[in-house]
Every structure is written in C-alpha cells, then in structure tokens.
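See structure below.
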Amino acid sequence: MTVQAQYRSSNILSRTVVLSGKYTITVETSFSASHILPDCPPCDRLHGHTWKVKASWSYTRLDDKGMGDNFANLKALLNAEIRSRFDHTHLNEAAPFDALRPTAENLVREFFLILKKGSAAVSSGKLERVEVWEGPESFVSYEE
Ligand SMILES: [Zn+2]
C-alpha cells in the first residue's frame, strides 16, 4: 500500500469535521501600480507602490479532505482578479478607478467586492476581510 493510499483510507482525513469555532484562511498577492491623488500632497504627484493585498475567508466546516479550501484555489482567484488585472497599470486609468479616486480605501472596498463575486464559484468559505498594504507599514482593511 502506498503512503498516499494509506492516508486516503484513514478516518483522520476522510471525516467531515464540524467545528464550534472557525478557521480563517488568508492568502496574499502583490502588484505594482502607479496613481495620483489630486489635492493630497505629497500623493498629488505621480508615484507608484508595490501594493500587497491579503484576503481572508472563514470556514465553520472542513471538507472531506480536512480542508476549508485549497490555498491554491484562493491564490489563483486573487492573482486572476487582482494581480493580473491591475499589475503595471496606472490606477487612475484602470476601471473602476478611472471613475473613482484610487485611494487605498477605495481599492480595498472594490477588491473586496470583486473577490466576493469571484469567490462564490471557487470557495465554500465566507470572504471576511481584505487588506490593502500601500507600503510595509501602512494598510487599510475592509469587512462587511
Ligand atoms: Zn500612493
């Protein structure tokens, strides 16, 4: 019996676990983009950030594999919906920020809405929180 088959037959991995608490899974990505925030010196000058985005989903049940979700699925969602869409863009010209000031606050709320919509198809968890880090010491979070 292979190690994989041995573990596959184990009750430890095949039992559905019902929890009294909850798990939170967080994945992150980053992208580089510029923006301008008129009337907000010094941010009224063209500049860029390597934005870090963290998204967290909660789970009150584990699946038959003993997981809330596969990290890879959530990371793929984050990369497809956020990184691929906004990396190396000028945010003031990238929808929806062409019509909405690209502040960290607006970014985090829009990213939450984008991920909430996208995660319904790939995740059994509840999107709880998104963080947008403008630099290593500053971030904004959004929750519903
Ligand atoms: Zn900035």
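Numbers at a glance
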{"quantity": "Residues of segment 88-116 satisfying the condition of being within 16 Å of the ligand (Cβ to nearest atom) and touching a helix residue (DSSP H, G or I) at 6+ places or on another chain (Cβ under 9 Å)", "calculated": "91, 94, 97, 100, 101, 102, 107, 111"}
{"quantity": "Test: residue in segment 72-81 that is free of Cβ contacts under 8 Å to residues at least 12 places away in the same chain, within 21 Å of residue 138 (Cβ to Cβ) and surrounded by fewer than 13 Cβ atoms within 10 Å (Cβ to Cβ)", "calculated": "no"}
{"quantity": "Flag if residue 57 is at pLDDT 95 or above, of a type in the set (A, V, I, L, M, F, W, C), closer than 18 Å to residue 22 by Cβ and surrounded by 20 or more Cβ atoms within 10 Å (Cβ to Cβ)", "calculated": "yes"}
{"quantity": "Top-ranked residue of segment 24-54 - restricted to ones that are β-branched (Val, Ile, Thr) and crowded, with 17+ Cβ neighbours inside 10 Å, ranked as farthest from the ligand (Cβ to nearest atom)", "calculated": "25"}
{"quantity": "Count of residues meeting criterion [under 12 Å from the mean Cα position of the chain (by Cα) and hydroxyl-bearing (Ser, Thr, Tyr)] in segment 94-122", "calculated": "1"}
{"quantity": "Selected residue (only one of 96, 102, 42 is free of Cβ contacts under 8 Å to residues at least 12 places away in the same chain and assigned to a loop (DSSP other than H, G, I, E, B))", "calculated": "42"}
{"quantity": "Members of segment 117-140 that are more than 16 Å from the ligand (Cβ to nearest atom), surrounded by fewer than 16 Cβ atoms within 10 Å (Cβ to Cβ) and either among the β-branched types (Val, Ile, Thr) or in a strand (DSSP E or B) (or both)", "calculated": "122, 126"}
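The values are calculated or read from the model by the stated rules, or taken from the named source; none is laboratory data. These numbers come from a predicted model, not from an experiment. Glycine gets a Cβ as well: all are built from the backbone with ideal geometry, and neighbour counts include every protein chain shown.
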